[in-house]
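What follows is calculated from the coordinates using simple rules that are stated; it is not laboratory data. Since this is a predicted model, take the numbers as computed values, not measurements. Here the Cβ is made from the backbone with ideal geometry for all residues, glycine too, and neighbour counts use every protein chain on show.
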Amino acid sequence: MKLQTFKEKTYSLDIMYHLGTYENSIHFIFDHESKTCAIIDPAWHADLFINYAKDKGYKITDIWLTHWHGDHTNAADEIAQKTGAKITAGINELPYLDIKNDLATVNDDDVINLGGTTARIINTPGHTAGGICYLLDGHIVAGDTLFVYGAGHCSLPGASIKELYDSMQKLKKVDDNVMLHCGHDYGCKINTTMAEQKSGNAYLLLDSEADFTSFVQGMSKGLVAYPTEALTLKEVKAML
């Protein structure tokens, strides 16, 4: 496991990498003033996460989910039961989520608070029907919607290539200096900015919906190699 910390004015963002069967990245938002913690997409190791927050002097009060897939949610109920934490998910994920505890739902452009820290919700369907990203001051946690020089597949229930294309157009509007944090470490490096992704991520480079669809479909058929490094638009179009 690799651990990284980013310290901001009102919060710290801690990330545990390479956890569980699919080597997930688990994100902790620690609000400095309230000493509360929101954990994003907890899976595989509930007690590890609870104790990690406790050892730092924080209590997990919130569980924020980016999408319904089990490798991002399978510790949510256990953490909620052991800590009383509130679970929050995108409203359009409700038909798919297998969560026993009560759920709060959010929609596009909603703002949620953790003590003195705020996160704006960006609806980013495509990988799933109701996937969302959490945009904080200086950081965006994108789950599996966007990876370093890649993006999530469109092969499970609720997925849509067209919606993923639309979501990419929204993510292009995120400020260049914002750091991107993903649900898995699938790219050539861990730390990246939205500026780097806008200039080298095939999913963000393609402005044509037809080209985007051809690219994603080609990948699902094994005709296009999954990108892990920066590409130029010319290189991406050569794959179509």
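At a glance:
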item: Burial ranking of peptide ranges 223-231, 166-174 (average Cβ count within 10 Å, highest at the top); result: 166-174, 223-231
item: Within a Gaussian network of the chain (alpha carbon springs, distance under 10 Å), most fluctuating of 47, 77, 55; result: 55
item: Integer Hz, Karplus 6.51/-1.76/1.60 couplings in order for segment 125-136, x for Gly and Pro; result: x, x, 5, 9, 6, x, x, 9, 10, 10, 9, 9
item: Selected from 95, 1, 186, residue furthest toward positive end of dipole (the chain; charges at beta carbon); result: 1
item: D (Stokes-Einstein, µm²/s), Kirkwood Cα radius, the chain, 1.002 mPa s at 20 °C; result: 120 µm²/s
item: Distance in nm between pseudo-label sites at residue 17 and residue 118 (7 Å out along the Cβ direction from Cα); result: 3.1 nm
item: 14 Å beta-carbon shell around residue 158, net charge (K/R +1, D/E -1); result: -3
item: Around residue 174: net Lys/Arg minus Asp/Glu count, Cβ-Cβ under 11 Å; result: +3
item: Most mobile listed residue (26, 112, 132) in the chain, GNM with C-alpha springs under 10 Å; result: 112
item: Helix 46-55 axis, angle to the chain major axis (alpha carbon atoms, nearest 10°); result: 60 degrees
item: Built amide H within the under 5 Å cut-off of residue 11, gap 5+; result: 32
item: Efficiency of FRET from Cβ geometry, residue 8 and residue 234, R₀ 41 Å, rounded to 0.05; result: 0.65
item: Rounded, prolate or oblate (a/c below 1.5 giving rounded, otherwise prolate when a/b exceeds b/c) for segment 51-143 by Cα gyration tensor; result: oblate
